Amino acid sequence: GLGGPQQTPKIDFSQWGQIESRPLTKIQKITGVRLQQAWQTIPHVTQFNEANISALNAKKEELKKEGLKKNIRVTFLPFIVKAVIKTLKEFPVFNSSLDHIGESLIVKNYYNIGIAVNTPTGLIVPVIKNADNKSILGLSKELMGLSERARNGKLKPGDLKGGSFTISSLGGIGGTHFTPIINPPEVAIMGVSKNTWKPRYNHKTKEIIPTYTMPFSISYDHRVIDG
């Protein structure tokens, strides 16, 4: 079980009212153990920020129309993947791993981006391999395929391996920010929340401008990234 039975006393909850017992799926059990290990062994720091995506929104709407002609659904995610890779190239330490004895940093020169997907059986992270070589429409098509295969339980073990950085998007359920848990052996993860329109004050022109903003957070391993 999660964290082993020795840690939790057995309790008969039925003494306080009606209960039902729902067995965890295999994926939930595996994910649970991994998340617990990650949370307990990695000193996490989470930083919050907001991106102005007004211009990006216009660009996305344009590509969305183009995608529709080819039956490709274009969301913000491929644009985020592109922006992440540009940043990883600038700050390669975010695209690294500690070696197994914690004495060297292995910096990766490949960009395999994991995308956390919630499926009926639990949370899994399929990986887009060599995402730096793919176009927005190419990434969109691959994301559609991956999430469909994830939901139908059709992913192969190889689809879940080899990631160098992960993005977890909770935009669909709303909220402003959250603290994503790092996906070992990676050293950082990005959490994306729901886009909102906000009034932004421009102190030069003394105007308030409606701005489309994307709240996001980055959790990173403090042993590797120290601000």
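The values are calculated or read from the model by the stated rules, or taken from the named source; none is laboratory data. None of the values given here were measured: they were computed from a predicted structure. Here Cβ is always computed from backbone atoms with ideal geometry, including for glycine, and neighbour counts include all displayed protein chains. Please note that ligands, DNA and RNA were not included when accessible areas were found on the heavy atoms of the full protein model with its side chains. Shrake-Rupley method; radii C 1.70, N 1.55, O 1.52, S 1.80 Å.
Over all directions, the average projected area of the alpha-carbon convex hull for the range 104-162 comes to how many nm²?
4.7
Could you work out the relative contact order of the chain? I mean the mean sequence separation of Cα pairs under 8 Å and 6+ apart, divided by the number of residues, in percent.
The value is 25 percent.
So what are the ³J(HN,Hα) numbers for the range 149-154, from phi and the Karplus equation (6.51, -1.76, 1.60; θ = phi - 60°), rounded to whole Hz, Gly and Pro as x?
Working through the residues one at a time gives 5, 4, 5, 9, x, 9 Hz.
Over what distance in Å are the Cα centres of the range 48-73 and the range 121-190 separated?
19
May I ask you to compute the full-extension gain from Thr46 to His100, defined as 0.36 nm times their residue separation minus their alpha-carbon distance, rounded to one decimal in nm?
That works out to 17.1 nm of additional length.
Using modelled amide H (1.01 Å from N, peptide plane; none on Pro or chain starts), what sits under 5 Å from the amide H of Thr119, excluding residues fewer than 5 places away?
Ile124
With a 1.4 Å probe and every protein chain kept in, tell me what percent of the accessible surface of the chain is carbon plus sulfur.
Here it works out to 56 percent.
Give me the net charge of Lys64's neighbourhood, meaning all other residues with Cβ under 15 Å from the Cβ of Lys64; Lys, Arg count +1, Asp, Glu -1.
+4
Under 12 Å from the Cβ of Asn195, count the other residues' Cβ atoms, weight Lys and Arg +1, Asp and Glu -1, and hand me the total.
That sum, taken over residues with Cβ under 12 Å, equals +2.
Summarise the long-distance tail of P(r) for the range 168-226 by giving the % of C-alpha pairs beyond 19 Å.
Summing the P(r) tail past 19 Å for the range 168-226 gives 47 percent.
Tally Lys/Arg at +1 and Asp/Glu at -1 over every other residue whose Cβ is under 14 Å from the Cβ of Glu186; what's the total?
Its environment carries a net charge of +2.
For Glu50, list long-range residues whose amide hydrogen, built 1.01 Å from N in the peptide plane, is under 5 Å from its own amide hydrogen.
Result for Glu50 returns Phe216.
Between the helical axis of 26-41 and the dominant principal axis of the chain, each derived from Cα atoms, what acute angle in degrees is found, rounded to the nearest 10?
80
Only bridges whose two residues both fall in the chain count here: according to DSSP, what percent of them are antiparallel, nearest 5?
80
Once phi is turned into θ = phi - 60°, what whole-Hz ³J(HN,Hα) does the Karplus curve with 6.51, -1.76 and 1.60 give for every residue of the range 129-134, x standing for Gly and Pro?
Calculated HN-Hα couplings, in order: 7, 6, 5, 5, 9, 10 Hz.
Among all stretches of the chain without exposed GluC sites (Glu not before Pro) (DSSP loop, at most 10 other Cβ atoms within 10 Å), which one is longest?
Answer from the scan: 104-227.
Can you give the convex hull volume per residue for the Cα atoms of the range 10-131, as a whole number of Å³?
231
For Leu24 and Ala58, compute 0.36 nm times the residue count separating them, minus their Cα-Cα distance, and round to one decimal in nm.
Additional length available on full extension: 8.0 nm.
For the chain, place one equal point scatterer on every Cα, skip the solvent, and apply the Debye formula. What is log10 of I(q)/I(0) at q = 0.10, 0.14 Å⁻¹?
Values returned for q = 0.10, 0.14 Å⁻¹ are -0.55, -0.99.
So what is the accessible area of the chain per residue, in Å², with the probe set to 1.4 Å?
63
How large is ³J(HN,Hα), in whole Hz, for each residue of the range 184-199 in order, when computed from phi with the Karplus curve 6.51 cos²θ - 1.76 cosθ + 1.60 and θ = phi - 60°, using x for Gly and Pro?
x, x, 6, 10, 7, 8, 10, x, 10, 10, 6, 5, 9, 7, 9, x
How long are the three semi-axes of the equivalent ellipsoid of the range 98-199, in whole Å, if each is the root of 5 times an eigenvalue of the C-alpha gyration tensor, listed from largest down?
Three semi-axes, in Å: 23, 19, 15.
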